[in-house]
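Throughout, read-outs are computed from the coordinates displayed, never taken from laboratory work. Nothing here was measured: the structure is a model prediction, and the numbers come from that model. Because the Cβ atoms are built from the backbone with ideal geometry, glycine has one as well, and the counts that use them run over all protein chains shown.
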Amino acid sequence: MILLKNLLKSTFVFLAITTFGCATATSQETKKATPVTQEWKDYWYSGKAELTRYKLEQVRYGESHEGDAVMIFVTEDFLEDKQVKYERGSKERVKSVLKLNNTKRFWTGIYPYSLITSSFSPVDGQSTIKVSTSAQEWCGHSYSQINFRNGKYEGLLHSYFQNEGDKEFELESALLEDEIWAQVRMRPGDLPKGEIKIIPGMQFQRLKHREFQVESAKATISTLEDAALSTQALTQYSIDYNNINRVLTITYETAFPHTIVAWEEQETARDGQIMTTRATRTHSVKSPYWGQNSLADSVMRQKLGFK
């Protein structure tokens, strides 16, 4: 009888894992999303990228440092299995993604910081496939990456810091802070609201040297009118983390193409002072920048506000 009970118990556990566990992974991989419109396709499949420069005020070492941020949005073909840009061969496992290269440059005292995060979000609305971040400054550099596979995120970190070193880790499937930017540009109406599970942005993780983990937060959406940011109606999407003293607010134009005009990151220092990182749009162009690499093309930098 005991043997029979144990057998029945084992069978139930196995069925629960295979049934409920697989259902969760499948629902995340094949989640439904609002289809993109023809207007969206005309804008993003035009053979050009959208480059937007922002004036940056970056909090670091308890002070605000001036710098530049640039967001580069572009659609491209992406290999689902190898999780790299498609360049040749069979197109059987190719997905169209909206890629974002999110860059920051700023100086602290005598030495500079340079950060870039690349995210690859399928146009069909499935989970962001891959996010990678590299950070360079005069003390050294680091690289981190997460890939969505089998219903979860597989990650790695390479760092020159002793406490970090070379690591591999796994994270349960959750909203990525780094995918919100693409969601704003594709489907702002589908942004989650209320209590959410979220993985903080990789640049935040790097600057704070935090362990990668899923956090809880509250997400809200509000409207705004600010002529200094835009003549159009604006929407703000805010994420208030429950266990981190941090609030991220992204401000974008309500009307298509939902251009991101500014964002803020508020954090509370140990002394209770609220410090704010700000980025405000200054210039924007659409351009096939990957082919503009000659000396004659250097004039394009001026169109983005760079000297």
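Ordering 90-98, 187-195 by mean Cβ neighbour count within 10 Å, with the highest value first, yields 90-98, 187-195. Using C-alpha pairs under 8 Å with a sequence gap of at least 6, the mean separation divided by the residue count of the stretch 48-196 gives a relative contact order of 13 percent. Dipole of the chain computed with +1 at Lys/Arg Cβ and -1 at Asp/Glu Cβ about the Cα centre; of Phe73, Thr282, Tyr54, farthest Cα towards the positive end is Phe73. Once the Cα atoms of helix 177-186 and of the chain are each reduced to a long axis, what angle between those two axes, in degrees from 0 to 90 to the nearest 10, is obtained? Here the helix axis deviates by roughly 70 degrees.
Going by neighbour counts of Cβ atoms within 10 Å, the residues Val36, Val214 line up, fewest first, as Val214, Val36. Taking 22 Å as the cut-off for C-alpha to C-alpha distance, list the pairs among Lys104/Lys193; Lys41/Lys99; Lys48/Lys193; Lys82/Lys193; Lys55/Lys218 that go past it. Result: Lys104/Lys193; Lys48/Lys193; Lys82/Lys193; Lys55/Lys218 exceed 22 Å.
The dipole here belongs to the stretch 31-303: it is taken about the Cα centre, uses +1 on the Cβ of Lys and Arg and -1 on the Cβ of Asp and Glu, and is about 540 debye.
With the convex hull of its Cα atoms as the shape, the chain has an orientation-averaged projected area of 21.3 nm². Couplings 3J(HN,Hα) for the stretch 285-290, derived from phi with the Karplus relation 6.51 cos²θ - 1.76 cosθ + 1.60 (θ = phi - 60°), are 9, 10, 7, x, 4, 5 Hz, where x marks Gly and Pro.
Our coupling estimate for the stretch 225-240, obtained by passing each phi through the Karplus curve with A = 6.51, B = -1.76, C = 1.60 and θ = phi - 60°, is 10, 8, 5, 5, 9, 6, 7, 8, 5, 10, 10, 10, 10, 10, 10, 10 Hz, Gly and Pro reported as x. Computed 3J(HN,Hα) for the stretch 95-100, one whole-Hz value per residue from the Karplus formula 6.51 cos²θ - 1.76 cosθ + 1.60 where θ = phi - 60°, is 10, 7, 10, 9, 8, 10, glycine and proline marked x. With neighbour counts taken as other beta-carbon atoms within 10 Å, the residues His65, His158 rank, fewest first, as His158, His65. Residue exposure proxy: Phe120, Phe161, ordered by other Cβ atoms within 10 angstrom of their Cβ from fewest to most, comes out as Phe161, Phe120.
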